[in-house]
Each structure stands twice: as structure tokens, then as C-alpha cells.
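Student: Below is a structure I'd like to ask you about.
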Amino acid sequence: MTRVARALSELGHYHVMLKGCAGQLIFEDDDDRLYYLNLLNRRFTSAHIRLLAWCLMDNHVHLLFDDLDNQMSVAMHAIDTAYAKHFNQKTGRRGPVFQERFKSVIISDDKQLLRCVRYIHDNPAKAGISSAPLYRWSSFHEYFSHPEICDCEGILNLFGGTEAFYLSSTDGKPNPYFMPEGKHISDMDALEVARALLAPHEPYQLKTLPKSERNRLLAVLRHRGFTIDQISRLTGIGTNIIQRAK
């Protein structure tokens, strides 16, 4: 089957996600994480790709970068191949380490860019592992010390400095960063986005609202790319009602 070419960002900003095959672990220990980061840094530097944020979880990776020369696919393929060779030799396994093709989301404006930075750094907290400031394997700490592999200056300028970056990243408010229409979004992420879109209402409260207001808010969720089944799970409202809401 012929692969469809990836859409290109006019700004050159992309959020890339890689997952282990069948959800398997892709890092056994800290040496693996350091090996991956060194690969990432070397390859991105040679390809003139600016890394803006990153987070390594046990079975997936989030990267945000600036790729004006459109080197993303070549660079990611080289990194994945080199890391898979290292991981398989170390563990004695065979076959691909990552899912067949990484996911990429185009970042279209500064607002989405800042929400994506927070989304990436929020991953450990959402997984119940650690708060962003205490998690070692993300770029969060690079924004408060000498950057190691990230270009932090532009992001900090958009936030308005390190203090504003910290406060906006840890205020506990729902983050309305979301996957584009047509992309799958987990129920955990969907709940956070829905809470941001529906504030001051919680999703479960929609079924208690007057019909006209309820339907207006259901339409908001549908227009932002939520599936009917997902809205039903979040709100407790029947799928037929959601489908008719405009």
C-alpha cells in the first residue's frame, strides 16, 4: 500500500509521538534513555532541526521541534533504526521496537505551540508518575537551567519568562491542546480538552442543562473533533441526542 505523504507545516513546527510496538516498553533503564537522547541530539543537530520540548515515557516518546528544512522523516527514520539496533542487541529481542510509523501533528500558531509544550511536560503527571518539575526525563528542567539539547529561548519569550512558564505549566487548569480532526484522542486527553471547552461546566453536567444550551455545547465538542461515542462516554448523554445537536 502506498503511503500518503505527510502534510507540511508552514511554520515548521511539529509535535511527534512514537510508541512501542503493541505498547511494549522502549526503555529498560536510564542508560537507554541517555542513549536515545544522544542519538536525538546528534541527528537533529546535523539536520538543522531545533528541538523545543521532549518527554520520554516508558513506552512512548513526545517531541516538539522546528524543522524548516523538512528533514523530519529522514531524521526520525535514522534515529529509530539506530535505537532499535541498540535496544535489540541489549535485550536479545528481534523485530521493530517502535510502531511502524510515528504520528505527527502540525503546530499552526503560537497558542497551539504553547499548549503543546505544556501537554508534553504534563505526560508524567497524567500517568500518575510525577509532577512536571520533579520528572527527570523531560525538557521541563531545561527551561530553568542551562539548556542541554533544547532551544528554550523562543518558547520562554512567548510565555513571558521562566516565572510565567512555570505558573502556566503548573496551574492545574485543563489544557485545550488536542489532536486534529481525524486523529484518535484518548478518553483521558478528551476529558481534559472537554473541561477546557465547556468551563465553567463539567462534561457530566451537560445532561442537566436546558436543552438549547446542552445542544449548543454538544455541538461545540463535535466541531472540535470529538466522536459521538466519545462525547457520550464523557457526558452520559445518548448518542442519538448528540447526533441531532447543532
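Student: Looking at segment 69-143, which chymotrypsin sites (Phe, Trp or Tyr not before Pro) are in a loop (DSSP not H, G, I, E or B) and have at most 11 other Cβ atoms within 10 Å?
Tutor: none
Student: Then there's this: Between LEU191 and ARG42, what FRET efficiency comes out of the Förster formula 1/(1 + (r/R0)^6) with R0 = 51 Å and r the beta carbon distance, rounded to 0.05?
Tutor: It comes out at approximately 0.85.
Student: Report the longest stretch of the chain that contains none of the GluC sites (Glu not before Pro) sitting in a DSSP loop with at most 15 other Cβ atoms within 10 Å. Provide the component values of the computation, followed by the final result.
Tutor: Numbers: sites that count: GLU10, GLU28, GLU100, GLU148, GLU181.
It runs 29-99.
Student: Percent of accessible area on segment 61-158 owned by carbon and sulfur, 1.4 Å probe?
Tutor: Carbon and sulfur together cover 51 percent of it.
Student: Arrange the residues ARG216, ARG43, ARG244 by how much accessible surface each exposes, largest first, with a 1.4 angstrom probe. The partial results should precede the final answer.
Tutor: On the way: ARG216 120, ARG43 80, ARG244 165 Å².
Largest to smallest exposure gives the sequence ARG244, ARG216, ARG43.
Student: With n ≥ 4 as the cut-off for DSSP H runs, can you work out [θ] at 222 nm for the chain, using -39500 (n - 2.57) per run divided by the number of residues, rounded to the nearest 500?
Tutor: -13500 deg cm²/dmol
Student: Output the relative contact order of the chain, whole-number percent, from Cα pairs under 8 angstrom with separation of 6+ residues.
Tutor: It comes to 17 percent, rounded to a whole number.
Student: Could you list the chymotrypsin sites (Phe, Trp or Tyr not before Pro) in segment 19-66 that lie in coil according to DSSP, counting only those with at most 13 other Cβ atoms within 10 Å of their Cβ?
Tutor: none
Student: Further question: How big is segment 1-127 in terms of Cα radius of gyration and Dmax, in angstroms?
Tutor: Looking at segment 1-127, its Cα Rg and Dmax stand at 14.5, 44 Å.
Student: Shifting gears a bit: Against the longest principal axis of the chain, how steep is helix 187-198, in degrees 0 to 90 to the nearest 10, with axes from Cα atoms?
Tutor: 50 degrees
Student: Using a/c under 1.5 as the rounded threshold, could you call the chain rounded, prolate or oblate? The axes a ≥ b ≥ c are square roots of the C-alpha gyration tensor eigenvalues, and prolate needs a/b larger than b/c, oblate otherwise.
Tutor: Judged from the Cα gyration tensor, the chain comes out prolate (a/c at least 1.5, a/b above b/c).
Student: With a ≥ b ≥ c taken as the square roots of the eigenvalues of the C-alpha gyration tensor of segment 57-133, please select rounded if a/c is under 1.5 and otherwise prolate if a/b is larger than b/c or oblate if it is not?
Tutor: Oblate, because a/c is 1.5 or more while a/b does not exceed b/c.
Student: Give the accessible area for ARG93 in Å² (nearest 10); use a 1.4 Å probe, count only protein heavy atoms, and leave out ligands, DNA and RNA.
Tutor: Surface open to solvent at ARG93 totals about 60 Å².
Student: Now a separate question. May I ask you to compute the full-extension gain from SER212 to LYS85, defined as 0.36 nm times their residue separation minus their alpha-carbon distance, rounded to one decimal in nm?
Tutor: The span from SER212 to LYS85 would gain 40.0 nm if fully extended.
Student: Once both axes come from the Cα atoms, what is the angle between helix 110-126 and the longest principal axis of the chain, in degrees from 0 to 90, rounded to 10?
Tutor: In the chain, helix 110-126 runs at an angle near 80 degrees to the longest axis.
Student: In addition: With N set to the number of residues, divide the alpha-carbon radius of gyration of segment 76-222 by 2.2 N^0.38 Å and report two decimals.
Tutor: Dividing the Cα radius of gyration by 2.2 N^0.38 Å gives 1.30.
Student: Next question, about the same structure. Residues of segment 75-180: accessible area per residue at 1.4 Å, in Å²?
Tutor: Accessible area per residue: 51 Å².
Student: Select from ILE107, ILE120, ILE129 the residue whose mean-square fluctuation is largest in a Gaussian network model of the chain (Cα-Cα springs shorter than 10 Å).
Tutor: So, out of ILE107, ILE120, ILE129, the one fluctuating most is ILE129.
The values are calculated or read from the model by the stated rules, or taken from the named source; none is laboratory data. Keep in mind it's a predicted model, so treat the numbers as computed, not measured. Please note: Cβ atoms are built from the backbone with ideal geometry, for glycine as well, and neighbour counts cover all protein chains shown. SASA here: full protein model, heavy atoms, side chains in, ligands and nucleic acids out. Shrake-Rupley method; radii C 1.70, N 1.55, O 1.52, S 1.80 Å.
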